[in-house]
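Every number here is computed from the coordinates shown, using simple stated rules; none is lab data. Just so it is clear, the structure is predicted and the values come from calculations on it, not from any experiment. Neighbour counts are summed over all protein chains in view; Cβ atoms, including those assigned to glycine, are modelled from backbone coordinates with ideal geometry.
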Amino acid sequence: MSTHICEALVVSCIDFRLQKKIQKWLSKNFKNKAYDYVGFAGASKDLKIILKQLDISVRLHKIKQVVLIHHEDCGAYGKDSTPENHARDLKKAKKKITKLYPKLQTNLYYLHLDGKFDEVK
Ligand SMILES: [Zn+2]
């Protein structure tokens, strides 16, 4: 098998309302860079599933960065889709990822329905 590496793994929700906005943001922020992309309802809400994908990206594509994108009005969160809950889960995911893969840089984002990205620190 040939070696093929890329820069990052990007994880976002499946929600169709956001795909064009995410693509636009990625084409600006990952210009000329390749990345793996995972769409899963609630993004990193079900962290176990995302960690499986992440492990494959790390092993096969030697990624250096993980980008987690949660969003406003997420159906996978229902009534619990508040900025606070998303920030809590994003930070929890980052903590776990950093523990498992200390060399990876993890960036967290909360995407508003109007297309505005807020970085969660
Ligand atoms: Zn969603």
So, in segment 30-51, of the ones that are farther than 14 Å from Tyr77 by Cβ and touching a Phe, Trp or Tyr at 6+ places or on another chain (Cβ under 9 Å), which residue ends up surrounded by the fewest Cβ atoms within 10 Å (Cβ to Cβ)?
Ile49
Within segment 37-53, is there a residue that is more than 19 Å from Gln105 (Cα to Cα) and touching a Leu at 6+ places or on another chain (Cβ under 9 Å)?
no
Hey, among the residues in segment 35-54 that are among the hydrophobic types (A, V, I, L, M, F, W, C) and out of contact with any Gly (no Cβ under 8 Å at 6 or more places or on another chain), which one's nearest to Lys92 (Cα to Cα)?
Leu47
Which pairs turn up if I take residues in segment 73-86 that are on the phi > 0 side of the Ramachandran plot and look for partners that are more than 8 Å from the ligand (Cβ to nearest atom) with beta carbon separation below 8 Å, at least 6 apart in sequence or on another chain?
Asp73/Leu113
